[in-house]
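K.L.:
Take a look at this one; I'll ask things after.
Read-outs throughout are calculated quantities, based only on the coordinates presented, and are distinct from any laboratory measurement. This structure is a prediction, so every number in the text was calculated from the model and none was measured. Methodologically, a virtual Cβ is constructed for each residue, glycine included, from the backbone with ideal geometry; neighbour enumeration extends over all protein chains shown.
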Amino acid sequence: MSLALLVTGANGQLGSDLIEVVRTGTDVFARGLTRKDLDVTDAFGVQDMVVGWERIVRSDNPDHRLVVVNCTAYTAVDAAEADEETAFAVNAAGPALLATACAKAGARLIHVSTDYVFPGDSDRPYDVDDETGPRSAYGRTKLAGELAVREILPAGSHVVRTAWVYGATGQNFVKTMVRLERERETVSVVDDQRGSPTWSRDLAAGLLALAGSDVPAGTLHATNRGDTTWHGFTKAIFEELGADPDRVLPTTSDAFPRPAPRPAYSVLSPRAWDEAGLPPLQDWRAALAEAFRTRGDAFRA
Ligand SMILES: NC(=O)c1ccc[n+]([C@@H]2O[C@H](COP(=O)([O-])OP(=O)(O)OC[C@H]3O[C@@H](n4cnc5c(N)ncnc54)[C@H](OP(=O)(O)O)[C@@H]3O)[C@@H](O)[C@H]2O)c1
């Protein structure tokens, strides 16, 4: 069956990589929507866009499988504490509108969510059906988005949680550390938060595989494999830069108070992803090396 994708948030880290992965390696019919093309909080806009896209795609080939991939988010975790209303509009109301429009258009929806829906105090990887309990406004709004998508489109949706995403587009932790390596002799980075750094390009390839699969609706976790701390991640970034990793010093979260609490433990279990027969994402360290090998220009810019 041929596949048609409608990708929201196409200017973001994940959305831009998804469009690139589709266009460079497949004949999938994909349309990317930036915020200018579609504000996901605009009820009429969402409805018109999804239904209009469905008509165009079906007029070309009535057998296309239609999948909307929602890569939009209000990702400013600290700003969300003081502006939960806007975060809710993008992270919860927007996905609900997309799910409603998908139901009307006969499209499936892949909705991307986050490790922040969990409390972050576990001592083993979080599984898809573990109890949620967000500790931040961002996490609460993302959880509300998950619940809305599942309720509106129970048989036609996938909620895919990921974590610690970095990519060639936009600002992220990797780019910040590359800049700090240039500017400072030593960099102190927290060693008491554990998670799985995830290259948006690998996640995009995983989502494309999911879109083309017959995996039943439900919740999945997709991150690069293995885990580390922000300190370990930064040492690896320094290694990729050819810099001395001993210039990265460990510190604790207490030294960097932030408006939104950060989960101490964010590792997501890939069990459901693996049992669904989806291709595993590579180890986080190998992914970082490949990211620098293939897109080093963007990370060093
Ligand atoms: N980044 C992470 O570390 C991380 C961790 C866990 C989960 N996630 C999840 O992964 C997904 C992708 O994240 P990302 O890192 O690619 O995020 P990102 O780079 O911040 O991209 C998000 C995109 O959403 C767009 N957007 C925001 N509000 C919108 C609106 N009202 N209508 C339409 N578009 C809107 C933004 O547009 P502008 O470019 O115009 O602002 C941006 O292009 C999200 O669901 C996020 O919650 C991310």
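K.L.:
Taking the Cα centre as origin and putting +1 on Lys and Arg beta-carbons and -1 on Asp and Glu beta-carbons, what dipole magnitude results for region 170-301, to the nearest 20 debye? Mind showing how you got there, number by number?
P.N.:
Working: 16 positive and 18 negative charges, 70 e Å.
My answer is approximately 340 debye.
K.L.:
Would you calculate the separation in nanometres between label points at Arg247 and Thr26, each defined as 7 Å from the Cα along the Cα-to-beta-carbon direction?
P.N.:
So the label points at Arg247 and Thr26 sit 4.0 nm apart.
K.L.:
Relative to the Cα centre, what is the charge dipole magnitude of the chain, using +1 at the beta carbon of each Lys and Arg, -1 at the beta carbon of each Asp and Glu, and rounding to the nearest 20 debye?
P.N.:
Numbers: 31 positive and 42 negative charges, 126 e Å.
That gives the chain a dipole magnitude of about 600 debye.
K.L.:
Right, next: Using every pair of alpha-carbon atoms in region 49-121, split the distances into 10 Å bins beginning at 0 and state the percent of pairs per bin, rounded to integers.
P.N.:
18, 40, 25, 14, 4, 0
K.L.:
Follow-up. For Ile110, list long-range residues whose amide hydrogen, built 1.01 Å from N in the peptide plane, is under 5 Å from its own amide hydrogen.
P.N.:
Val68, Val69, Asn70, His158
K.L.:
What are the trypsin sites (Lys or Arg not before Pro) within region 1-98 that DSSP puts in a loop, where the Cβ has at most 11 other Cβ atoms within 10 Å? Each step should come with its number before you reach the end.
P.N.:
Working: sites: Arg23, Arg31, Arg35, Lys36, Arg55, Arg58, Arg65; in loops: Arg35, Lys36.
Hits after loop and neighbour filter: Lys36.
K.L.:
Determine ³J(HN,Hα), in whole Hz, for all residues of region 268-280 in sequence, where each value follows from phi through the Karplus function 6.51 cos²θ - 1.76 cosθ + 1.60 and θ = phi - 60°; x replaces Gly and Pro.
P.N.:
My calculation for region 268-280 gives 10, 6, x, 3, 5, 4, 5, 5, 7, x, 7, x, x Hz in order.
K.L.:
In Å, what Rg and Dmax follow from the Cα atoms of region 127-204?
P.N.:
Using the Cα atoms of region 127-204, the pair Rg, Dmax is 16.6, 53 Å.
K.L.:
Starting from the Cα of Asn61, step 7 Å toward the Cβ, then list every residue of region 4-41 with an amide N under 16 Å from that point.
P.N.:
4-6, 22-31
K.L.:
Given the chain, report the % of alpha carbon pairs whose separation exceeds 23 Å. Present the calculation step by step, with values, prior to reporting the outcome.
P.N.:
Working: 24602 of 45150 pairs.
The share of Cα pairs beyond 23 Å in the chain comes to 54 percent.
K.L.:
Throw me the Rg/Rh for region 197-248, computed over C-alpha atoms with Kirkwood Rh, two decimals.
P.N.:
Taking Rg over the Kirkwood Rh, I get 1.18.
K.L.:
Here is a further query. Residue by residue through region 30-47, what is 3J(HN,Hα) from phi via Karplus (6.51 cos²θ - 1.76 cosθ + 1.60, θ = phi - 60°)? Round to whole Hz and write x for glycine and proline.
P.N.:
Each residue's phi maps through the Karplus curve to give 10, 10, x, 10, 7, 4, 5, 6, 7, 8, 5, 8, 8, 4, 5, x, 5, 4 Hz.
K.L.:
Defining a contact as two alpha carbons under 8 Å apart and six or more residues distant in sequence, what relative contact order in percent does region 71-227 show? Numbers along the way, then the final one.
P.N.:
Values: 217 pairs, mean separation 39.9, N = 157.
Here the relative contact order equals 25 percent.
K.L.:
What's the local net charge at Thr229, with K and R +1, D and E -1, over the other residues with C-beta under 10 Å away? Please report the intermediate quantities before stating the final value.
P.N.:
Details: positive: Arg194, Lys235; negative: Asp191, Asp192, Asp227.
Net charge in that neighbourhood comes out at -1.
K.L.:
Go ahead and estimate [θ] at 222 nm for the chain from helices alone: -39,500 (n - 2.57) per DSSP H run with n ≥ 4, summed, over the residue count, rounded to 500. Walk me through the numbers on the way to the answer.
P.N.:
Numbers: 11 runs with 127 residues, N = 301.
Dividing the helical sum by the residues of the chain leaves -13000 deg cm²/dmol.
K.L.:
So who's got an amide H within less than 5 Å of the one on Thr219, skipping anything under 5 residues away but keeping other chains? H placed 1.01 Å off N, in plane.
P.N.:
Excluding prolines and chain starts, which carry no amide H, the hits are Val159.
K.L.:
Remind me, relative contact order of region 53-160 in percent, using alpha carbon pairs under 8 angstrom and six or more residues apart?
P.N.:
Values: 156 pairs, mean separation 36.8, N = 108.
Relative contact order comes out at 34 percent.
K.L.:
Next up: Excluding same-chain residues fewer than 8 positions from Lys142, which aspartates and glutamates have a Cα within less than 15 Å of its Cα?
P.N.:
The reachable aspartates and glutamates, counting only those whose Cα sits under 15 Å from Lys142, are Asp78, Glu81, Asp83, Glu84, Glu85, Asp115, Glu131, Glu151.
K.L.:
Relative contact order, percent, of the chain when contacts are C-alpha pairs under 8 Å separated by at least 6 residues?
P.N.:
On the way: 608 pairs, mean separation 60.2, N = 301.
Value for the chain: 20 percent.
K.L.:
So how tilted is helix 94-105 from the main axis of the chain? Cα-based, degrees 0 to 90, rounded to 10.
P.N.:
It works out to around 30 degrees.
K.L.:
While we're here: Mind pulling the angle between the C-alpha long axis of helix 137-152 and the longest principal axis of the chain? Nearest 10 degrees, somewhere in 0 to 90.
P.N.:
Orientation of helix 137-152: about 30 degrees from the principal axis.
K.L.:
Can I ask one more? So if we plug the beta-carbon distance of Glu151 and Ala76 into 1/(1 + (r/R0)^6) with R0 = 30 Å, what FRET efficiency do we get, rounded to 0.05?
P.N.:
Values: r = 26 Å, r/R0 = 0.88.
With a Förster radius of 30 Å, E is 0.70.
K.L.:
Let me ask you something else. In whole Hz and in residue order, list the ³J(HN,Hα) couplings for region 177-191 that follow from phi through the Karplus curve 6.51 cos²θ - 1.76 cosθ + 1.60, θ = phi - 60°; x for Gly and Pro.
P.N.:
For region 177-191, the Karplus-derived couplings read 5, 4, 5, 5, 4, 6, 8, 10, 6, 10, 10, 9, 9, 5, 10 Hz, x marking Gly and Pro.
K.L.:
Given the C-alpha atoms of region 144-301, compute the convex hull and give its volume per residue in Å³.
P.N.:
Numbers: hull volume 19.4 nm³, N = 158.
Once divided by residue count, the hull of region 144-301 is 123 Å³.
K.L.:
Mind listing the long-range amide H neighbours of Ala30? Cut-off is under 5 Å, sequence gap 5 or more, other chains count too, H placed in the peptide plane at 1.01 Å from N.
P.N.:
Those lying under 5 Å, H to H, from Ala30 are Leu5.
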